[in-house]
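The values are calculated or read from the model by the stated rules, or taken from the named source; none is laboratory data. Predicted model only: the values in this text are computed from it and were never measured. All Cβ positions, even for glycine, are placed from backbone atoms using ideal geometry, and neighbour counts span all protein chains on display. These accessible areas exclude ligands, DNA and RNA; they are computed on the full protein's heavy atoms, side chains included. Shrake-Rupley method; radii C 1.70, N 1.55, O 1.52, S 1.80 Å.
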Amino acid sequence: MSYIVEMLHITKDFPGIRANDNITLQIEERSIHALLGENGAGKSTLMSILFGLYQPDSGSIRVRGKEVKISDPNIATSLGIGMVHQHFKLVHNFTVTENIILGLEPRRGPVIDIRKAEQKVEEISKLYGLAVEPRAKIENITVSMQQRVEILKMLYRDAEILIFDEPTAVLTPQEIHELMQIMRRLVQDGKTILLITHKLKEIKEVADVCTVLRRGKFIGTVSVADTNEAQMAEMMVGRQVSFHVEKALAKPGEELLRIEHLNVKNAKGLLGVKDFSLSVRAGEVLGLCGIDGNGQTELVQAITGLTKCESGSVYLRNKEISHLSIKERSKLGLGHIPEDRQKHGLVLDFTLGENFLLHNYYEKPFAKCGVLNKKAIQKNAERLIEEFDVRSGQGALTPARAMSGGNQQKAIVAREIDRSPDVFIVVQPTRGLDVGAIEYIHKRIVEERDKNKAILLVSLELDEIMDLSDRIAVIYNGEIAGIVEASATNENELGLMMSGALRKSQGPAKTARETARA
C-alpha cells in the first residue's frame, strides 16, 4: 500500500518529558485520518513536527514516498502541507484576504494587487462552500468564520495534506456539523486530512482511520467503521470509561445566587441580556444552554464582574454584588471557570504554580509580609498537578503558555474546584478535554453540588448539560425561553427552545421571574 505521508520512528524530547516516543504514523491519500489521545499524549507535537515547527530528535518523514527534512513551515508549505492551529494565527485588524495572502502577496508592479487576491479568495470560498466574505475584518467575524479563514489560507497555498488541530474545540454543535461537511468536500476534491481530536463522536462521524497515542507512545491504528467509541476510549486512557454521570437526586436548599431583571450590553452596544431573572439554590446544578451568541457570555461576565450591567441586580447569599470588584466577589464565595481560558483564566507568562494562586497569592502560607513562599507554592502545585493529572514538562515551574490547551483547562478547573466556592459559575468546563478528564471533572462538579454548593453550568454541549444538570434553563436572544427539570426533558425539546420555536413557563418550568421569587 502506498502512503502520502509516513512518519517513521519519531522521537521528540522536551525538558522533563518525552512528547513522542518512537511513533510511526502512515497516512493514506484522500482519507480523513484521526489522531486520538489524552491531553498531553503528544498529538500536537507530532503534527507540529510534520509542519516543521519542531524538529524530531530521531526518526524520518516521507511525503509521497520520498524522504524529506521539514526544517520550517515554508518547506512544509512547499510540500503541500498546511495546518489549522488550535489557537488561530490571524492578524485581527487585517481583512480576511490580507490574512490569507500574508507572505504570498500578488503584485502588479510594486503594488499589492488586492483585488486579484480577493477574487481568488472568493472563488476558493465558493468552491468549498466556506461562505467567507473576503473584505471583512477578522475582528468583526465569528470564531467559526476565523477557522474558515485558516482553511482558506491552506487552500490558497495549494495544500494537499491538511492538518486540523482540535478544530471543534471552539465551535457550536451546528458549526461542527458544517465543518464536517467541509472536510468531506475537501476529501472528495482529492485532499488528505489529519484530524487531531479527542472527541469520539466526531471521529465516528467523519474519520476513516484512527491512530491512538497514549503518553507519547503509539497504541494502535484502527478502522473507524470496525470499532466503537468505548473501544477507542479504552485505547486512549488505558481503562474502561463511563460515559454516564453517576449522581444521586439533588437536595436543593437555600437560594445562594439570585439574578433580578438584569440588562447587559454586548460588544456592539446592544442589549445582549434583557430583563433576565434566575436563581440557583444550594445543592443543585442549574444548566444554562443556548445557541452560542444568545447572551450567555454577557450574563456570565455581568455575574462575575468582568463587565458592568446596565440595570438589575445580582445577589450572593442575599448580598447585592453587582457593584463589587471581581476580587470582592471572589472573597464572598463566587468561583468562575471562564469561557476563554487564555484571556480570563490564566496569566500565560506566569508559571503553573503561580497560576494556581491567582486568587490567594497574598494569603498564608503562600506569602508573608508581601514575600512569596516558594516552597509552599511548589507544594500546593504538586498536590493539584497530581490530583487533577495536569501534565507539564517542568511541573510547577512550567510556563502556562507552554502547556497544551487541554492541560491549561485542567489547571483552571483544578484551581477553581480546589477553592470550593459557595456559588460556582462553570462555563464550558470540559472544552478541549479528553473522555478520561471529562469523566473526572464531571465527578468533581457533582461532588461540589453534594457539598451544598450552588452551581450554574453554562455549556454548548447538550450531552453535558443533560448529564450534569438538575434543572435546565434555556436562553434565547438574551431572555429565558424556559426552565425545565432535567429528568423530564429531552434534546428535541431543548433544541426547540434554543431556536426560539418553543417557550416553557408552566409547571416545574416556572418563568425566570417566578423562579427568582421562589
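Summary of values
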{"read-out": "Efficiency of FRET between GLU205 and ASP275 - r from beta-carbon atoms, R0 35 angstrom, step 0.05", "value": "0.35"}
{"read-out": "Pairs of alpha carbons in the stretch 370-430 whose separation is greater than 20 Å (percent)", "value": "31 percent"}
{"read-out": "Residue-normalised accessible area of the stretch 378-518, expressed per residue, 1.4 Å probe, Å²", "value": "38 Å²"}
{"read-out": "Label-point separation in nm, GLU234 to ASP158, each point 7 Å along Cα→Cβ", "value": "4.8 nm"}
{"read-out": "Peptides ranked, highest mean first, by Cβ atoms within 10 Å: ranges 256-269, 491-504", "value": "256-269, 491-504"}
{"read-out": "The chain - mean residue ellipticity at 222 nm from DSSP helices (-39,500 (n - 2.57) per run, n ≥ 4, rounded to 500)", "value": "-9500 deg cm²/dmol"}
{"read-out": "Alpha carbon centroid spacing (whole Å) that separates the stretch 153-212 from the stretch 1-15", "value": "20 Å"}
{"read-out": "Tilt relative to the chain, helix 374-388 - C-alpha long axis, 0 to 90 degrees, to 10", "value": "80 degrees"}
{"read-out": "Relative contact order (%) - the stretch 252-378, alpha-carbon pairs under 8 angstrom, separation at least six", "value": "20 percent"}
{"read-out": "Extension gain from SER242 to SER60, taking 0.36 nm per residue of separation minus the Cα-Cα distance", "value": "61.7 nm"}
{"read-out": "Computed log₁₀ I(q)/I(0) - Debye formula, equal Cα scatterers, no solvent, the chain, q 0.07 Å⁻¹", "value": "-0.42"}
{"read-out": "Rounded if a/c under 1.5, otherwise prolate or oblate - the stretch 53-206, Cα gyration tensor axes", "value": "oblate"}
{"read-out": "Spacing of the two label points (7 Å from each Cα toward its C-beta) at ARG444 and LYS368, in nm", "value": "2.9 nm"}
{"read-out": "Residue-count net charge about VAL209 - beta-carbon cut-off 11 Å; Lys, Arg +1, Asp, Glu -1", "value": "-3"}
{"read-out": "Prolate/oblate/rounded call for the stretch 272-416, Cα gyration tensor, a/c under 1.5 rounded", "value": "prolate"}
{"read-out": "Surface accessible to a 1.4 Å probe, per residue, for the residues of the stretch 221-315, Å²", "value": "46 Å²"}
{"read-out": "Percent of alpha-carbon pairs separated by more than 15 Å within the stretch 59-121", "value": "64 percent"}
{"read-out": "Sites GLN174 and GLU493 - FRET efficiency at Förster radius 25 Å, r taken between beta-carbons, to 0.05", "value": "0.90"}
{"read-out": "Distance in nm between pseudo-label sites at ARG115 and GLU320 (7 Å out along the Cβ direction from Cα)", "value": "6.0 nm"}
{"read-out": "Between the stretch 262-320 and the stretch 72-110, the alpha-carbon center distance in angstrom", "value": "39 Å"}
{"read-out": "LYS265 long-range amide H proximity, modeled H, under 5 Å", "value": "GLY272, GLU310"}
{"read-out": "Extended-chain gain in nm, criterion 0.36 nm per residue less alpha-carbon gap, ARG184 and LYS265", "value": "25.3 nm"}
{"read-out": "Pairwise centroid distance, computed over Cα atoms, of the stretch 336-391 with the stretch 395-440, Å", "value": "12 Å"}
{"read-out": "Amide H within-cut-off set for ILE337, under 5 Å, with H built and near neighbours excluded", "value": "ILE425, VAL426, VAL427"}
{"read-out": "Fraction of accessible area attributable to carbon and sulfur, the stretch 304-402 (%, probe 1.4 Å)", "value": "52 percent"}
{"read-out": "Relative packing of 8-21, 285-298, 199-212, which averages over residues the other C-beta atoms within 10 Å, highest first", "value": "285-298, 199-212, 8-21"}
{"read-out": "Per-peptide average of other Cβ atoms within 10 Å, ordering 37-44, 129-136 highest first", "value": "37-44, 129-136"}
{"read-out": "Reachable lysines, given that their alpha-carbon falls under 29 Å from the alpha-carbon of LYS69 and they are not under 8 places away in the same chain", "value": "LYS12, LYS43, LYS89, LYS153, LYS191, LYS217"}
{"read-out": "Exposure ranking of VAL484, VAL371 by accessible area [1.4 Å probe, largest first]", "value": "VAL371, VAL484"}
